[in-house]
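Visitor: I have a structure here, written as structure tokens, and I will follow up with some questions on it.
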Amino acid sequence: MPAPASETRAPIALDPGEGEALWFNNDLLIFKATGAQTGGAYLLVEEVARRGKATPLHTHPAEEETFYVLDGEALMHLDGEQRSVTAGCFVSVPPGVPHAYLVTSETARTLILITPGSGAMEDFFRAAGQPAAERALPPAGPLDIERIGLAAQRTGAVAILGPPPFGGPGA
């Protein structure tokens, strides 16, 4: 019989700003809990993004992606429907459901929960991103779509379906 989870992994306690930091998709990502730390149960990431950040339309074949907006505002595209989300909003996207989002406020801060925490999404974030030089947003620049696409193919964590499904910039 397997040991209870409390016997197989240690508690996780981080102070503000602690956790592995990456620059990914012109954002700052901070891993608050990795799949290795949670025994594969989940991955928890804090994301800080600036106005205009958009994801391509995509799915996650094997993971559920859940968002809790801490600060700011974004436009979420969920399986063909668009919805504005602000601080306090919660969105959970089951595996296989097409989705994307666009930050519409000056900045936005979100907690993203990936379940299960198999490691595929961590691998994707690391392959498509880079270690953050500082715990701040990276310098603004063009999105490296090729790098993101290659990371998606290599890890299998993300299936990119097309470009962001929003109107022009800041839609």
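Visitor: Quick test of your reading of the structure: THR55 fulfils all but one of (1) at pLDDT 95 or above; (2) open to solvent by less than 60 Å² (accessible area, probe 1.4 Å). Name the failing condition by number.
Guide: Going through (1) at pLDDT 95 or above; (2) open to solvent by less than 60 Å² (accessible area, probe 1.4 Å) one by one, THR55 breaks only (1).
Visitor: In the range 96-115, how many residues are assigned to a loop (DSSP other than H, G, I, E, B) and open to solvent by less than 60 Å² (accessible area, probe 1.4 Å)? Please lay out each step first, then the result.
Guide: Pass one, the range 96-115, residues assigned to a loop (DSSP other than H, G, I, E, B): 96-98, 104-106.
Retained after the next criterion (residues that are open to solvent by less than 60 Å² (accessible area, probe 1.4 Å)): 96-98, 104-105.
Selection size over the range 96-115: 5.
Visitor: Continuing with this model, one more query. Could you list, in sequence order, all residues of the range 11-45 that are aliphatic (A, V, I, L, M) and open to solvent by 20 Å² or more (accessible area, probe 1.4 Å)?
Guide: ILE12, ALA13, LEU14, ALA36, ALA41, LEU44
Visitor: Tell me yes or no: at least one residue of the range 15-29 is among the charged types (D, E, K, R), modelled with pLDDT of 95 or more, closer than 29 Å to ALA133 by Cα and in contact with a Ser or Thr (Cβ under 9 Å, 6 or more places away or on another chain).
Guide: yes
Visitor: Further question on the same structure: Which one of the conditions (1) under 16 Å from THR55 (Cβ atoms); (2) under 15 Å from the mean Cα position of the chain (by Cα); (3) not aliphatic (A, V, I, L, M) does GLY162 fail to meet, given that it meets all the rest?
Guide: So the condition that GLY162 fails would be (2).
Visitor: A further question follows. Might you let me know whether the range 75-85 holds any residue that is open to solvent by 10 Å² or more (accessible area, probe 1.4 Å), under 25 Å from GLU20 (Cα atoms) and at pLDDT 95 or above? Write out each step before concluding.
Guide: Let us first name the residues in the range 75-85 that are open to solvent by 10 Å² or more (accessible area, probe 1.4 Å), namely 75, 77-84.
Filter once more, so that each one left must be under 25 Å from GLU20 (Cα atoms): none.
No.
Visitor: Go through the residues of the range 137-153 one by one and say whether even a single one is closer than 18 Å to ALA21 by Cβ, at pLDDT 95 or above and surrounded by fewer than 18 Cβ atoms within 10 Å (Cβ to Cβ).
Guide: yes
The values are calculated or read from the model by the stated rules, or taken from the named source; none is laboratory data. Model, not experiment: these values are computed from the prediction. FYI the Cβ positions are ideal-geometry reconstructions off the backbone, even for glycines, and counts take in every protein chain you see. Keep in mind that these areas ignore ligands, DNA and RNA; they rest on the heavy atoms of the full protein, side chains included. Shrake-Rupley method; radii C 1.70, N 1.55, O 1.52, S 1.80 Å.
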